[in-house]
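Take a look at the following structure, please.
The values are calculated or read from the model by the stated rules, or taken from the named source; none is laboratory data. The structure presented is a predicted model; accordingly, all values stated were derived computationally and were not measured. As a convention, Cβ positions derive from the backbone with ideal geometry for all residues, glycine included, and neighbour counts pool all protein chains shown. Heavy atoms of the whole protein, side chains included, go into the accessibility calculation; ligands, DNA and RNA do not. Shrake-Rupley method; radii C 1.70, N 1.55, O 1.52, S 1.80 Å.
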Amino acid sequence: MHCPACRTSRLQPAKLEDGLLGHGCPQCQGTLVSLLHYRDWAERQPAQETPTELAAEAEVGETSHALSCPKCAKLMSKFQISGTRANRLDLCGTCDEAWLDSGEWQLLKALELSQRMPAIFTEAWQRQVRQQASEQARRERFSRIAGEEAIARADEIRGWLKDHPQRRELLFYIGHD
C-alpha cells in the first residue's frame, strides 16, 4: 500500500501505542489505522487516560487535499476534531480505516480523545464541532467590536444568568431602556 498523503512511499508496519499497530509512512510520518483494531485496543485500555502535554512547538500535520484510501482507492472523508482546531481526520467509510497525519495521534492524546476516536466520525460530534466553531467566531467578532475585557465581563453575566430562576425577567429588564 502506498501513502495516501505522499502517494509515493510504501506504508510500513508502525506502532502508535502498546497493542495498537497501524501502517505508517516513513516520509510524512502519517499512519493508517484500522478502526477494528483500534476498537479492540481501546476496549483494553483503562477508563481514564492521563492527558499528555502537546508542546507548543510540536508540529501537527494536516493534508489539505482529498485522500484516496490506500486499500480500496475510494476517497476518504474528512472529519474535524474540534471547533477550535483545524485538524481533520480522514476516514474510509468502505474499509473503516482512519488516516492520522503526522502528530495527530499526539494531538488526540493531548485533547484526551485517543480512546474516543470513532466518536469524531459521527454526525453528532460534527454538529458539536460546527457549534463550537460558530460560537468561537461570534465571540471573536464581538471581541473586535466591544473589546476582550467587555466580552469577558459579558461571559460572567451570561454564566450567572444561565440557570437563574428569574432569567427571563432579568433579560427583559436588561433589554429595556
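Based on this model, can you work out whether Pro46 counts as touching a His at 6+ places or on another chain (Cβ under 8 Å) and either modelled with pLDDT of 95 or more or not acidic (Asp, Glu) (or both)?
No, not satisfied.
Collect the residues in region 138-155 that are assigned to a helix (DSSP H, G or I) and open to solvent by less than 70 Å² (accessible area, probe 1.4 Å), keeping them in residue-number order.
Within region 138-155, the first condition is being assigned to a helix (DSSP H, G or I), and the residues that meet it are 138-146, 148-155.
The answer is Ser143, Ala146, Ala150, Ile151, Ala152, Ala154, Asp155.
Still on this structure: Looking only at residues that are under 19 Å from Cys28 (Cβ atoms) and open to solvent by 30 Å² or more (accessible area, probe 1.4 Å) in region 89-131, which one is farthest from the chain's Cα centre (by Cα)?
Going residue by residue through region 89-131, those that are under 19 Å from Cys28 (Cβ atoms) are 89-92, 97-108.
Narrowing further to those that are open to solvent by 30 Å² or more (accessible area, probe 1.4 Å): 102, 106.
Values: Ser102: 14, Gln106: 11 Å.
Per the criteria, the residue is Ser102.
Can you name every residue in region 115-134 that is aliphatic (A, V, I, L, M) and either within 15 Å of Arg88 (Cβ to Cβ) or touching a strand residue (DSSP E or B) at 6+ places or on another chain (Cβ under 6 Å) (or both)? Lay out the reasoning, then the answer.
In the first step, residues of region 115-134 are kept if they are aliphatic (A, V, I, L, M); the result is 117, 119-120, 124, 129, 133.
Matches in region 115-134: Met117, Ala119, Ile120, Val129, Ala133.
Of all residues in region 13-33, which are closer than 13 Å to Ser102 by Cβ and open to solvent by 20 Å² or more (accessible area, probe 1.4 Å)?
Ala14, Leu16, Pro26, Gln27, Cys28, Gln29
Let me spell it out: the conditions are (1) more than 24 Å from Thr63 (Cα to Cα); (2) open to solvent by 80 Å² or more (accessible area, probe 1.4 Å); (3) touching a residue at least 24 places away in the same chain (Cβ under 8 Å), and Glu135 meets all of them except one. Which number is the exception?
Glu135 satisfies every listed condition except (2).
Could you identify the single residue in Leu108, Leu161 that is touching a helix residue (DSSP H, G or I) at 6+ places or on another chain (Cβ under 7 Å), in a helix (DSSP H, G or I) and in the same structural domain as Leu35 (by the TED database)?
Values: Leu161 fails: in the same structural domain as Leu35 (by the TED database).
None of the others qualify; the one that does is Leu108.
Look at Ala58 and say whether it is open to solvent by 50 Å² or more (accessible area, probe 1.4 Å), modelled with pLDDT under 90 and hydrophobic (A, V, I, L, M, F, W, C).
Numbers: open to solvent by 50 Å² or more (accessible area, probe 1.4 Å): no; modelled with pLDDT under 90: yes; hydrophobic (A, V, I, L, M, F, W, C): yes.
The answer is no for Ala58.
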